[in-house]
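Where a number appears in this text, it was derived from the coordinates with a stated rule and is not lab data. Keep in mind the model is a prediction, meaning the values are calculated, not measured. In this analysis, Cβ positions are derived from the backbone assuming ideal geometry, glycine residues included, and neighbour counts consider all displayed protein chains.
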């Protein structure tokens, strides 16, 4: 998440108090920033004018000057002094606010101030995706260009044996994704006995991806006296409490709520009929806006590839990335997009978190995001570092309610827009609820219940079957004590009594009404008194010719 700081040197502090803070020493500055509420143990951010106000090593100042970073962002102003004091911190800030430099600078500063040759890895940075890890590595190399501190990259999709060789060299800092690092821990390739820094970047995303247990395992292999820095888009995630247990009395910093932090981004919506219509809308919107760099976000991998191929057929410079594409190919596509060799990058939500591509003019949501948080991170690819941006969401009839939920979650309403001759046949729902969702048809009620305002009670299935049985003709009902079919039950006009039975052949006999039907015992005694047929009779019976079998080749 190589979030670049704001590059405007004329940026002024937000309040007069922050100007007074600048004139103080680094120790008093940290003490001032550590004044937190005793109950909530949190504070709001204050701005500091320049990186020169931080008590950083001269080599780091030299690197910042080389990168032309002068004005610190809000999150950097709030987090860096506290991190320099050695406190654990948990930071909530929107994407594109400069969080990467906020944890790299304090880490590098301590390593330069306290040189410890012959030790193992001193810093560990965990990130949810490979792209974020690669991006953080690039930022690290830029900030550490004038010192001898090196980092190792441990991510999936690359050769395991080369990563083992990297870990054996004991790099001062390891940048890793949780899944692959756990594999190395289980193989005994890691040594974190000398670890001083543990950074959890995009912690909420790692929780969404199911890395909660992996983070706990990794933290258990680190010394308990380490300094831990947690950065997240929100500190209200349902599983964030389990991660906060890994920190030691952290200072909470909330900077520019990620839900309300995109005031510099114009958000619009365009109604669409189907995917084919959306593909035409994307091409038309790119031309209307004159955009040179465009992100198009899709929901599935197949849809991502299909949209990329269709746009390429329209003579556009298009690339696409998703989770199933090999890491080397994803890296190549991203580099081409950064170098302006591609105009449009079609992606799934794998690229919605933290990817720092400068000067993105337009973000188009080909499909509505799964949640409000996902929408925020998609839109955050444009309007970075305080610049203006635009995001357009294509909404079909099936996506209206989900888009309305996102609007309500963000407490905004997207501007409606039409694109020339590509106006959709779908014009929105006929009726709307107060929430903005489509109002469905009301349930039918009978006149009596409609007057009283109560819905007609539903009839249970078993009760309906019972009512049907009661209204059936009497002759079709079966006695609850009868055995066999209804035809066999009727013997002499009377049904068999419980415990009685007859042979099927005798069911045709008629018995007087005043005489009971024979029981099974009577038939047994009659059968025992009957003599077996003679052998001559059996022999004459067997000599009779057998009828031909209806199945050729089969014995009868």
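Taking the radius of gyration and the Kirkwood hydrodynamic radius from Cα positions alone, what is the Rg/Rh ratio for the stretch 265-416, to two decimal places? Mind dumping the intermediate values first?
Working: Rg = 14.2 Å, Rh = 15.3 Å.
Result for the stretch 265-416 is an Rg/Rh of 0.93.
Would you compute, for the Cα atoms of the stretch 59-127, the largest minus smallest coordinate along each principal axis and list the three values in descending order, in whole Å?
38, 29, 23
Given a Förster distance of 60 angstrom, what is the FRET efficiency for residue 52 paired with residue 306, based on the Cβ-Cβ distance and rounded to 0.05?
Approximately 0.75, to the nearest 0.05.
Give me the percent relative contact order of the stretch 86-226, please, defined on Cα pairs under 8 angstrom at least 6 residues apart.
Once divided by the residue count of the stretch 86-226, the mean separation gives 31 percent.
Simple spin-label model, 7 Å along Cα-to-Cβ: residue 147 to residue 170 in nm?
Label-label distance for residue 147 and residue 170, simple model: 1.8 nm.
Given a cut-off of under 8 Å on Cα pairs at least six residues apart, what relative contact order in percent is computed for the stretch 16-255? It would help to have the intermediate numbers written out before the result.
On the way: 403 pairs, mean separation 62.7, N = 240.
Averaging sequence separation for qualifying contacts and normalising by length gives 26 percent for the stretch 16-255.
In whole percent, what relative contact order does the stretch 265-416 give with Cα contacts below 8 Å and a gap of six or more residues?
The normalised contact order for the stretch 265-416 reaches 34 percent.
In what order do 390, 278 fall by count of nearby beta-carbon atoms within 10 Å, going from fewest to most?
Listing 390, 278 from fewest to most nearby Cβ atoms yields 390, 278.
Using the per-residue mean of other Cβ atoms lying within 10 Å as a proxy for protection, in what order, highest first, do the peptides 113-119, 327-333, 425-431 fall? Can you show the working numbers first?
Working: 113-119: 9.1, 327-333: 15.6, 425-431: 11.1.
Sorting 113-119, 327-333, 425-431 by mean packing, highest first, produces 327-333, 425-431, 113-119.
How much length, in nm to one decimal, is gained on full extension between residue 417 and residue 161, taken as 0.36 nm per residue of separation minus their Cα-Cα distance?
Between residue 417 and residue 161, full extension yields an extra 86.8 nm.
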